[in-house]
1. Placing the label point 7 Å from Cα along the Cα-to-Cβ direction, what are the distances from C:M1 to the equivalent spots in the other copies, shortest first, in nm to one decimal?
2. Quickly estimate the mean residue ellipticity at 222 nm for the protein assembly as shown, helices only: each DSSP H run with n ≥ 4 gives -39500 (n - 2.57), and the total goes over all residues, rounded to 500.
3. Rounded to whole Å and sorted largest first, what semi-axes of the equivalent ellipsoid does the C-alpha gyration tensor of chain B yield via the square root of 5 times each eigenvalue?
4. Give me the dipole magnitude in Debye, nearest 20, for chain A about the Cα centre, with unit charges on the beta carbon: positive for Lys and Arg, negative for Asp and Glu.
5. Which whole number gives the average count of other chain Cβ atoms within 10 Å of the Cβ atoms across peptide A:79-92?
6. Need one word for the range B:41-84: rounded, prolate or oblate. Basis is the Cα gyration tensor (sqrt eigenvalues a ≥ b ≥ c); a/c below 1.5 gives rounded, then a/b vs b/c decides.
7. Could you please report the charge total around B:L17, scoring K, R as +1 and D, E as -1 over all other residues with beta-carbon less than 11 angstrom from its beta-carbon?
8. Taking θ = phi - 60°, what integer Hz values does the Karplus form 6.51 cos²θ - 1.76 cosθ + 1.60 yield along the range A:109-122, in sequence order, with x for Gly and Pro?
Amino acid sequence: MQQAVETLTISSEGQGLYEFTGALRQFVTAADVATGLVTAYVRHTSCSLLIQENADPDVKTDLDGFFRRLVPEGMDWLVHTTEGPDDMPAHIKAALTQTSIGIPVIGGEPAFGAWQGIYLFEHRRRPHRREVILHIIGDR
Amino acid sequence: MQQAVETLTISSEGQGLYEFTGALRQFVTAADVATGLVTAYVRHTSCSLLIQENADPDVKTDLDGFFRRLVPEGMDWLVHTTEGPDDMPAHIKAALTQTSIGIPVIGGEPAFGAWQGIYLFEHRRRPHRREVILHIIGDR
Amino acid sequence: MQQAVETLTISSEGQGLYEFTGALRQFVTAADVATGLVTAYVRHTSCSLLIQENADPDVKTDLDGFFRRLVPEGMDWLVHTTEGPDDMPAHIKAALTQTSIGIPVIGGEPAFGAWQGIYLFEHRRRPHRREVILHIIGDR
């Protein structure tokens with residue numbers, strides 16, 4: 001049984017989905033694990049993780065559109081407003097999605113379905129550098 | 001330390017929750033792991049996973065009812081519409097729930113609470129065959 | 001490779017977020033694991049888990065406020081109403097957040113970001129005693 005850990009840095013340029021499926025696949029390949037579990041974990045609370053369709057980019061547009069409508073800026077009852085109008089909506093969007101996702105590894109590959117990709121979902125407007133921890137445990 | 005992996009196929013007949021608690025328990029028993037972690041992972045982006053109450057079936061009805069109201073068909077701002085009116089709402093419902101759930105294993109059993117069950121949450125109308133990967137790692 | 005398991009009991013006194021970051025850190029330290037994966041799992045379906053900002057307590061207030069507005073009591077189409085007006089909304093809020101969260105362990109510490117904490121998110125009004133299972137697997 002063996003493990004590997006890596007910190008991935010993803011630069012975001014505003015709200016939306018940033019795919020890192022390729023980087024996660026490379027991490028699994030480099031770890032030389034045939035069967036195991038790989039976990040992606042984001043070290044922030046104003047962005048999040050999502051597994052979604054990576055065939056049609058319109059899916060990303062609509063996901064972003066839905067969350068903007070469900071959690072709009074300017075809700076007048078918010079009390080945490082010191083970090084800007086997009087900050088508390090960002091925390092709420094993060095709560096509605098995921099901070100951590102575990103993916104089984106089979107035959108040396110993450111067990112993604114044919115149209116699945118993994119994304120950083122950025123909820124802040126300004127550019128950020130986001131840290132995603134990748135961890136794998138398994139057997140050769 | 002040992003591992004096991006299995007692919008579960010669940011046939012869905014329209015939107016709603018399909019329980020597979022029994023199949024997951026059987027997988028854990030067959031793997032002969034006393035202490036460990038079992039992960040369920042769904043290989044699709046228009047259905048998802050959920051742990052919910054399995055005592056009163058009305059809970060399933062209301063969960064389905066809430067998500068239909070929160071993410072209705074016919075939102076006129078959607079751009080990903082080529083796969084049918086239920087497709088993009090399905091992706092959004094999947095984003096709001098889970099693709100992957102990890103459950104500790106104690107005493108050879110998944111650590112479900114007294115009223116917890118695990119479900120495939122189908123978000124498409126037509127029948128589908130859905131793949132759920134089960135992975136376990138642990139000790140005898 | 002080694003494992004440890006512990007059941008944490010958290011007493012809740014009504015709806016809101018209850019932090020248990022310290023207890024999770026202590027569990028990781030006591031397990032003497034340098035590199036690994038720690039999982040928190042809640043054995044209930046009317047409360048849930050969340051990783052969120054633990055710097056400004058207003059974030060907790062607003063998260064609770066958002067979920068109360070998104071899933072209000074008194075939705076007249078609900079059928080599961082026998083356990084009180086806050087019960088079915090509690091199940092829905094749990095479905096929208098997490099039952100299980102996996103966190104990589106690096107250098108003997110859970111890989112929380114600078115402002116991240118882990119919370120039990122209680123969705124019922126009355127006091128409850130909630131069980132959170134902590135599981136860790138990894139190497140010294």
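Read-outs throughout are calculated quantities, based only on the coordinates presented, and are distinct from any laboratory measurement. Here the structure is a predicted model, which is why all the values come from computation and not from measurement. So basically every Cβ, Gly included, is an ideal-geometry build from the backbone, and we count neighbours across all protein chains shown.
1. For C:M1, the inter-copy label distances come out at 0.4, 0.4 nm.
2. For the protein assembly as shown, the value works out to -7500 deg cm²/dmol.
3. Whole-Å semi-axes of the equivalent ellipsoid: 31, 16, 11.
4. I would put it at about 220 debye.
5. Average per residue, whole number: 4.
6. oblate
7. Local net charge: -4.
8. After applying 6.51 cos²θ - 1.76 cosθ + 1.60, I find 10, x, 7, 4, x, 4, 10, 8, x, 10, 10, 7, 9, 7 Hz.
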